[in-house]
Amino acid sequence: MTVETEKLRVLIPHWIEHNLEHAAEFRRWAGQAGEAEADIEAAAEALLHANRWLEAALEKLGGSLSHEVL
């Protein structure tokens, strides 16, 4: 395992958590966005989809999430 791989095994769970926080914030604000509501909701969903790719990458790198992530 390289140093970079070890770093990624630490960074990816942080990125996943950060995306979850942003997605939740986007959804809180979407209702205030008028005609942009659907776009902001779509952005939140895109972050959750990105997390699925990050979770797959983490698994391939032999890492694990410290807690359950949707």
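Based on Cα contacts under 8 Å between residues 6+ apart, the stretch 4-55 shows a relative contact order of 41 percent.
What the chain shows is 73 Å² of accessible area per residue, with the surface traced by a 1.4 Å probe over protein heavy atoms. For the chain, how big is the tail of P(r) above 17 Å, as a whole percent of Cα pairs? Above the 17 Å cut-off, the chain has 47 percent of its Cα pairs. On full extension, the segment bounded by Arg27 and Glu6 gains 4.3 nm, given 0.36 nm per residue less the C-alpha separation. Over the chain, dividing the summed -39,500 (n - 2.57) contributions of all DSSP H runs of at least 4 residues by the number of residues returns a 222 nm mean residue ellipticity of -26500 deg cm²/dmol.
Modelled this way, with points 7 Å down the Cα-to-C-beta line, the labels at Leu48 and Lys60 are 2.4 nm from one another.
The values are calculated or read from the model by the stated rules, or taken from the named source; none is laboratory data. Here the structure is a predicted model, which means the values were calculated and not measured. When we count neighbours, we look across all protein chains shown, and the Cβ atoms used for this are built from the backbone with ideal geometry, even at glycine. Only protein heavy atoms, including side chains, enter the accessible area calculation; ligands, DNA and RNA are left aside. Shrake-Rupley method; radii C 1.70, N 1.55, O 1.52, S 1.80 Å.
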